Structure formats: C-alpha cells, structure tokens
Amino acid sequence: MTFTVKSVGLKGIDGYFVTVEADCLKGIPSFDIVGMAGQAVKEATRRVRSAYSNAVGDFQKGRITVNLAPADTEKEASALDLPIFIAVCGAFGLLENVLQDTVFIGELSLSGELREVGGVLAYTAFAAENGIKRIVLPKCCAKEASLIPGIEVIGITDVKELISYLKGEITVLPQESSLDNAYENEGLPDFAEVRGHYFAKRALEIAAAGGHNIALIGPPGSGKSMLAKRLPSIMPPLDREEVVEVTKIWSVAGRTQGKLIQAPPFRSPHHTVSPVGLSGGGSIPRPGEISLAHHGVLFLDEWPEFSKTSLEILRQPIEDKQITISRAAQSSTFPADFILVTAANPCKCGNFGSERKCSCSPRERKMYMSHISGPLLDRMDLMIEVPPVPLSDLENKMAEEPSSSILKRVLSARERQKERLAPYGIKLNSQMTHDMITRLCVLTDSAKALVTKAFDFYGLTARSYDRLLRTAQTVADLEGKDEIDELIIAEVISYRTAEKKYFFRG
Ligand SMILES: Nc1ncnc2c1ncn2[C@@H]1O[C@H](COP(=O)(O)OP(=O)(O)OP(=O)(O)O)[C@@H](O)[C@H]1O
Ligand SMILES: [Mg+2]
C-alpha cells in the first residue's frame, strides 16, 4: 500500500513542502528513492534500512519505492531520513495513518537515534507560516524550533519512541518556547578597555547608531582591530524577529549548535577567504560570511590584502542587503544586511602618515590601496584615521566610558530614526534614498553654506553629498537635535579627510 508523509525542504532559507510517498510491492527486496534525490538523500536508504533493522525488525519485505515530490526540485538534505523512515513503516503496514497537519524532519543514525539537522528554524518557520500545526523532529533541535510561535514542536529521541508516539501508545509533551528575553549585550569586549581614541570611538558610535559603514586606517598596533571588535557591544540587542532571521541563516549553515543567535553577529573572515566563503555557494547554496553577519558586523581586517574578486562581491549586497546565488540545481537568496567595518594599514610598511619613517614609494602606496575600487570606497560612510595612541592616554588612570553608556545614546538615536523613517519602511539613516534625504534632512542656513563650501573645496560628488547628509542626520539624532547645524556638518566632514589622504581620490 502507498503511505504518504509530509516534510519540508529548503531553498536558501526559504522552505517548500516535500511529499514523501512509499510503496511496497512483492518481489525481490530492493529500496529505491526517486524524485531528484541528491547524494545525501540517496544515502538515506542505508540509514533507514539499518535504523529499521536495528530498532524495529526485518527489513527484507519486498520492493520499496520512495517518491519525493515535487520531482523538479533537487533535494539535498539528510533531514528527509525521518519522513522516509515513517513512509516506509507505513508501507510495511506498521502504521495505519500518520498525524494530520504535521511535518517531520530529522536525520537517522544507523542504530535509529534521531540526529541534529541544519536549518531547523527555517524548516519550522516555513511550516508555521503555511498552516502546519505540528513539527516532529530530533529532540536536540526542539529548543531551536520552539522559537517560532504558532506551531507545536515535538522532540523525539529515537525511532522506537517515534513509532510508539505515532501509534498513540505514548504522549510526548510539546517543547516550551525558549526565547530568553533577558539577553543584554553582556560578555562582549567593552569600549572601557580602549584608552583614548575618542575620535574613533565617536565615529563607531555614529556607525552603530545609523548603521553606517566605516573604514579605520592606521599604523600597526594602533588599536584598529581592538576598536572594531567592540562595535557589537554598542549595537542594540536583536529583537525577536531579528533573532529568528539570524538564527535561520546560521541554522542553514549548520552553525547554531542548538542555540539561538541573540547578539548581533560579528564576523571577521581572514583575508585569504575565498569569494564563495564570503558570498556563500555550493551546489545547494549555503550562506557565506556576509550572510552570517546579517544584522551584525562584517569586519574585514587587513582590508587591502583581500582579493579583488572577494571585495567586488561585496558591492551588490551592500546596496541590496541580500545576495542571490544561482547554481544549476538551485538559486537561493540570503539576507546580508550588515555594518561593514574595515581596517587597513596605510601602506605596506604601515608607517605612512605616522611619525615613523615610511619606506614605501608613492607608487607602492598607490598599488597597496589599488585593490579597493572607487565604487567600494563610495559605500563607506565614515573613513577615519586611527593614529598610535599617545603614551599619556595609555597611562591615564581615568576610567573610560563603558559600552553600556554609549549604547544608551545609540538606542535613543535609533528611536528617533524609527519614528521619522517608519512611514518610509526603513529603520536607519544609512538606508535613506536621495529623495528621503531631500525631504527629511533639515539644515540650518549656516549648515547649508558650509555644505556648499565643502562641495567646492573637497570636490564632492552627488553620491558623497548624500553620504555626508545621512551621517549628519545620525549625528543630529545622537545629539537630539531636530536640525542639522554647521557644527554637525563640520564634524561629519572630518570623518572623510582620510579618504583624500590615503586613497588618492576626492
Ligand atoms: N587605545 C588602546 N588602549 C588599550 N590598549 C591598546 C590600545 N591600542 C592598542 N592597544 C593594545 O595593542 C594591541 C594591538 O592592537 P590592535 O591589534 O587593535 O592593533 P591594530 O591597529 O589592529 O594593528 P595591526 O594593523 O597590526 O592589525 C591590543 O591588543 C591592545 O592590547
Ligand atoms: Mg589589526
């Protein structure tokens, strides 16, 4: 007889229903899976056969065919082990019917234990959004799945428990919702540990408040990496929606280890990272570093050392806040909305612009920075110098401002932005289009005059004009000002001076 079980597959972080049908006919025993099954799914035959033999009994009952629908989508996940197992049990007559409005996902061990699968949150979210009442999955994944409201999550340990549960012999209590709302930005590296560097700290505060990209340039050991690593500590904790979105991505990448991602992620890929490692990829696409950094920080340390291809990959996602990866088997879109922080030495020897002697020729300096293209530089809102910290600052015993107190200012600036930008469907000043800037940014007369002067003096382009005003608006929000005055414009212009000095352009 034919037995049908419902499950879910994933394209990127988006789900689709998979119907698993099994049929057992008389004849020489065999076990086939049809319906665009990838390698991982084909291997399910062995795991299902062993799990059945070890936990239930004789598997040699006839010719079993399992069909996976839709047949035009390649399926590549061991998560289908469990529904295949149940469909086979049904085809053997071990089960009379399967629970209604229920989906099953999970990998099997040879002895019949249910094992963790990646993408649990994405599977569960899709099921809940599409009217499914219950998801049955490995017990170790239940906590993660219970983050999604409106769906009953049943965690099962092994196939024996599963069969008893499906036969109605035992009850398994649904997992309780697990979001820990008490999360604060605790335990992250703190700005109180950074002595001095008030200019850089202020720029990072602006970056966190308005979601602006920032480049830090300075000699070795000046504290660039130290500063960048502390940015997440002044970013607002992720809200429930963001926790779900970020954990979904991490879950598909198989990196959650059953935990929720509640802090803004900080990703710092090494400069030897491959373009695929950065953007995501694979025959069934998996998220890369830029998607793992979603709602957090992507930190490119030693910026000029990254390959040109890797850097150019960033251009499109920085604009679109997402990346689409097209492969023969599947095309997937992953979110990639992050604050880009880059750190660079000013030249190969690292000393240009500092008191130490630079041994590089102007041509060598130009070559060193030439990897970083103009369009990418255009996407950096703030570009600041981080000089070596003076001894007087290092020896100063005065306590530095802790991240928690900077975070308070960031939160109130975010609140002001939210109120103003909500009608436009965005949250941050960095997302304002030229139109919104013209409509929403109010400048005093003297601020306007200063912008005009700066336009001529620095040879600003239309693009850099927008960037200047977006950042200025964030400074106004941090200060609680309704208008952008000339002091704000002067401050914001100071965050661009490093560009002319180090990148040989206006
Ligand atoms: N302002 C500072 N306050 C306290 N410690 C500092 C400061 N700046 C640098 N340090 C110390 O110097 C070390 C090196 O700093 P960091 O690694 O951030 O430098 P960097 O600018 O990233 O250098 P590189 O260009 O070589 O990567 C830090 O681990 C820290 O111990
Ligand atoms: Mg460094």
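The values are calculated or read from the model by the stated rules, or taken from the named source; none is laboratory data. Computed from a predicted structure; not experimentally measured. Positions of Cβ are backbone-derived with ideal geometry, glycine not excepted, and every protein chain shown enters the neighbour counts. Ligands, DNA and RNA are excluded from the accessible area calculation, which covers all protein heavy atoms including side chains. Shrake-Rupley method; radii C 1.70, N 1.55, O 1.52, S 1.80 Å.
Only one of VAL159, VAL120 is within 25 Å of the chain's Cα centre (by Cα) and either assigned by TED's automatic domain parsing to the domain that holds GLU241 or of a type in the set (Val, Ile, Thr) (or both). Can you tell me which?
VAL120
Determine, yes or no, whether GLU419 is acidic (Asp, Glu) and touching a helix residue (DSSP H, G or I) at 6+ places or on another chain (Cβ under 9 Å).
no
Filter the range 14-43 for residues that are closer than 27 Å to LYS248 by Cα and touching a residue at least 60 places away in the same chain (Cβ under 8 Å); which is surrounded by the fewest Cβ atoms within 10 Å (Cβ to Cβ)?
Per the criteria, the residue is TYR16.
Within the range 289-322, which residues are part of a helix (DSSP H, G or I), within 16 Å of ligand 2 (Cβ to nearest atom) and either of a type in the set (Asp, Glu) or free of Cβ contacts under 8 Å to residues at least 12 places away in the same chain (or both)?
If the condition is that a residue be part of a helix (DSSP H, G or I), within 16 Å of ligand 2 (Cβ to nearest atom) and either of a type in the set (Asp, Glu) or free of Cβ contacts under 8 Å to residues at least 12 places away in the same chain (or both), then GLU305 is the only one that fits.
Look at LEU231 and say whether it is in contact with a strand residue (DSSP E or B) (Cβ under 6 Å, 6 or more places away or on another chain), modelled with pLDDT of 95 or more, under 24 Å from ILE426 (Cα atoms) and within 16 Å of ligand 1 (Cβ to nearest atom).
yes
Residues in the range 187-226 that are more than 21 Å from the chain's Cα centre (by Cα) and within 16 Å of ligand 2 (Cβ to nearest atom): how many?
Within the range 187-226, residues that are more than 21 Å from the chain's Cα centre (by Cα) and within 16 Å of ligand 2 (Cβ to nearest atom) number 14.
Within the range 434-457, does at least one residue satisfy the condition of being at pLDDT 90 or above, within 29 Å of the chain's Cα centre (by Cα), under 29 Å from ARG365 (Cβ atoms) and of a type outside the set (A, V, I, L, M)?
Within the range 434-457, not a single residue is at pLDDT 90 or above, within 29 Å of the chain's Cα centre (by Cα), under 29 Å from ARG365 (Cβ atoms) and of a type outside the set (A, V, I, L, M).
Please indicate, with yes or no, whether at least one residue in the range 68-87 is in a helix (DSSP H, G or I) and free of Cβ contacts under 8 Å to residues at least 40 places away in the same chain.
Yes, some residue in the range 68-87 is in a helix (DSSP H, G or I) and free of Cβ contacts under 8 Å to residues at least 40 places away in the same chain.
Yes/no per residue for (1) in contact with an Asp or Glu (Cβ under 7 Å, 6 or more places away or on another chain); (2) surrounded by fewer than 22 Cβ atoms within 10 Å (Cβ to Cβ); (3) within 30 Å of PRO304 (Cβ to Cβ):
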residue: GLY187; (1), (2), (3): no, yes, no
residue: PHE191; (1), (2), (3): yes, no, yes
residue: ALA215; (1), (2), (3): no, no, yes
residue: PRO220; (1), (2), (3): no, yes, yes
residue: MET235; (1), (2), (3): no, no, yes
residue: ARG240; (1), (2), (3): no, yes, no
residue: GLU245; (1), (2), (3): no, yes, no
residue: LYS248; (1), (2), (3): no, no, no
residue: VAL252; (1), (2), (3): no, no, no
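Looking only at the range 402-409, decide whether some residue is among the charged types (D, E, K, R), in a helix (DSSP H, G or I) and either touching a helix residue (DSSP H, G or I) at 6+ places or on another chain (Cβ under 6 Å) or in contact (Cβ under 8 Å) with a residue 24 or more places away in the chain (or both).
yes
Do we find a residue being among the aliphatic types (A, V, I, L, M), assigned to a loop (DSSP other than H, G, I, E, B) and modelled with pLDDT of 85 or more anywhere in the range 34-52?
no
Any residue in the range 387-399 that is in contact (Cβ under 8 Å) with a residue 40 or more places away in the chain sitting within a Cβ distance under 8 Å of a residue that is assigned to a helix (DSSP H, G or I)? List the pairs, counting only those 6 or more apart or interchain.
ALA399/ALA192
Are any residues in the range 217-274 of a type in the set (D, E, K, R) and in a loop (DSSP other than H, G, I, E, B), and if so, which ones?
The answer is ARG230, ASP239, ARG255, LYS259.
How do the pairs read when you match residues in the range 193-220 that are of a type in the set (Val, Ile, Thr) with residues anywhere that are within 15 Å of ligand 2 (Cβ to nearest atom) and open to solvent by 10 Å² or more (accessible area, probe 1.4 Å), using Cβ under 9 Å and keeping only pairs 6 or more apart or on different chains?
Close Cβ pairs (under 9 Å, with a partner that is within 15 Å of ligand 2 (Cβ to nearest atom) and open to solvent by 10 Å² or more (accessible area, probe 1.4 Å)) amount to VAL194/GLY223; VAL194/MET226; VAL194/ARG230; VAL194/VAL389; ILE217/LYS224; ILE217/ASN345; ILE217/GLU385.
Quick one: would you say ILE105 is among the aliphatic types (A, V, I, L, M), touching a Pro at 6+ places or on another chain (Cβ under 9 Å), without any contact (Cβ under 8 Å) to a residue 24 or more places away in the chain and buried (at least 19 other Cβ atoms within 10 Å of the Cβ)?
No; evaluated as a whole, the condition is false for this residue.
Considering only residues that are surrounded by 15 or more Cβ atoms within 10 Å (Cβ to Cβ), charged (D, E, K, R) and away from ligand 1 (no atom under 16 Å from the Cβ), which ones fall in the range 337-363?
ASP337
Which condition number in (1) more than 30 Å from GLY350 (Cα to Cα); (2) in contact with a helix residue (DSSP H, G or I) (Cβ under 8 Å, 6 or more places away or on another chain); (3) polar (S, T, N, Q) is the one that SER164 fails?
The failed condition is (2).
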